[in-house]
1. List every residue pair whose Cβ atoms lie under 6 Å apart, where the two residues are 6 or more positions apart in sequence or sit on different chains, the first residue falls within the range 190-209 and is over 17 Å from residue 267 (Cβ atoms), and the second residue, located anywhere, is surrounded by fewer than 23 Cβ atoms within 10 Å (Cβ to Cβ) and among the aliphatic types (A, V, I, L, M).
2. What do you reckon, is residue 288 touching a residue at least 40 places away in the same chain (Cβ under 8 Å), surrounded by 12 or more Cβ atoms within 10 Å (Cβ to Cβ) and over 27 Å from residue 78 (Cα atoms)?
3. Checking residue 158 against (1) of a type outside the set (Ser, Thr, Tyr); (2) under 29 Å from residue 95 (Cβ atoms); (3) free of Cβ contacts under 8 Å to residues at least 24 places away in the same chain, only one condition comes out false. Which one?
4. Is it the case, given these coordinates, that residue 25 is of a type in the set (Ser, Thr, Tyr) and either surrounded by 16 or more Cβ atoms within 10 Å (Cβ to Cβ) or not in a loop (DSSP other than H, G, I, E, B) (or both)?
5. Go through the range 81-103 and give me each residue that's closer than 21 Å to residue 131 by Cβ, of a type in the set (S, T, N, Q) and either modelled with pLDDT under 95 or crowded, with 20+ Cβ neighbours inside 10 Å (or both).
Amino acid sequence: MRILIWLCLAALAVAAAIWFVTGPTVPFAADDPRLQGNGDPARGQLIFAAGDCASCHATPGQQDRLRLGGGIALAAPFGTFRAPNISSDPVDGIGRWSTVDLANAMIGGVSPQRRHYYPVFPYPSYTGMRLEDIKDLRAYLKTLAPVSGQPPPHDLFLLFRIRRLLGFWKLLFFHEGQTSVSVGADPVLARGGYLVETIGHCAECHSSRNFFGAIKPETRFAGGTDPEGTGFIPNITPSRIGHWSEADIAELLKSGNTPDHGRVGSSMAEVVTNTAMLPQSDRDAIARYIKALPPRPTPHP
């Protein structure tokens with residue numbers, strides 16, 4: 001009987017520890033002074049473009065890229081995710097969110113209801129964002145029209161519907177506030193690294209993933225199977241595009257034209273729609289950073 005009691009107590013202790021370490025925690029309190037005051041919507045518009053937000057959150061089946069009602073289906077090995085409504089609608093969108101709510105979502109991967117977000121929302125990259133950029137982004141989102149209606153819920157396999165399990169995923173693969181940028185003293189390279197690694201979250205598509213859906217470090221930017229299983233994302237390290245110049249890359253980000261007289265398609269065409277809105281200095285910075293990436297072999301499908 002004593003052994004049984006001790007085993008039960010041990011099991012309860014383990015369960016309590018698991019419950020504690022997997023719980024959602026927010027990086028910022030509601031009264032955090034760093035997130036008070038108003039941002040600049042004009043700068044926020046550039047953050048919105050660099051982050052490719054419209055590509056996922058614009059309502060499908062209509063032409064207005066700023067109608068952010070969500071609903072696009074994102075297929076994955078774990079099921080089908082649906083991008084949420086991030087319009088300024090106070091009921092169906094994020095109209096009631098504060099800047100702190102947005103910062104906790106993008107940097108901590110936690111909702112205002114204190115629930116883990118699935119990393120299909122690329123907060124593992126956004127987590128390195130500067131707070132002033134999040135303030136500006138929130139200011140811009142407030143200027144966009146509200147869109148009523150919510151998209152269908154995620155359609156996931158049973159096990160993956162338990163959001164608490166994402167706490168384990170975060171312990172293994174999520175590094176809050178950290179990015180992979182290492183650029184030395186070159187300010188242009190530093191700007192490019194911030195745009196590529198953090199706001200643009202380019203590695204989220206241009207990398208292969210492990211069994212748990214996390215990026216394999218050895219394939220970062222080296223391409224891989226499309227997450228939806230419909231194609232192959234290209235390698236953008238010097239192993240594949242080493243013959244491209246910085247000017248070639250910057251031109252692609254502006255016009256979609258490649259130096260081989262081709263043109264980007266698929267989801268990259270949406271990305272170019274956004275990067276074409278950036279100032280030329282940002283496209284040049286992105287190009288310099290991509291040219292500086294370490295060469296990596298393309299992983300096999």
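1. Matching pairs, first to second residue: 190/183; 193/181; 193/183; 197/181; 198/129.
2. Working: touching a residue at least 40 places away in the same chain (Cβ under 8 Å): yes; surrounded by 12 or more Cβ atoms within 10 Å (Cβ to Cβ): yes; over 27 Å from residue 78 (Cα atoms): yes.
Criteria met by residue 288.
3. Residue 158 satisfies all of (1) of a type outside the set (Ser, Thr, Tyr); (2) under 29 Å from residue 95 (Cβ atoms); (3) free of Cβ contacts under 8 Å to residues at least 24 places away in the same chain except (2).
4. When the stated conditions are applied, residue 25 does not pass them.
5. The one that is closer than 21 Å to residue 131 by Cβ, of a type in the set (S, T, N, Q) and either modelled with pLDDT under 95 or crowded, with 20+ Cβ neighbours inside 10 Å (or both): 99.
The values are calculated or read from the model by the stated rules, or taken from the named source; none is laboratory data. The shown structure was predicted, so the numbers you read here are calculated from the model rather than taken from an experiment. Backbone-built Cβ (ideal geometry, glycine too); neighbour counts: all protein chains shown.
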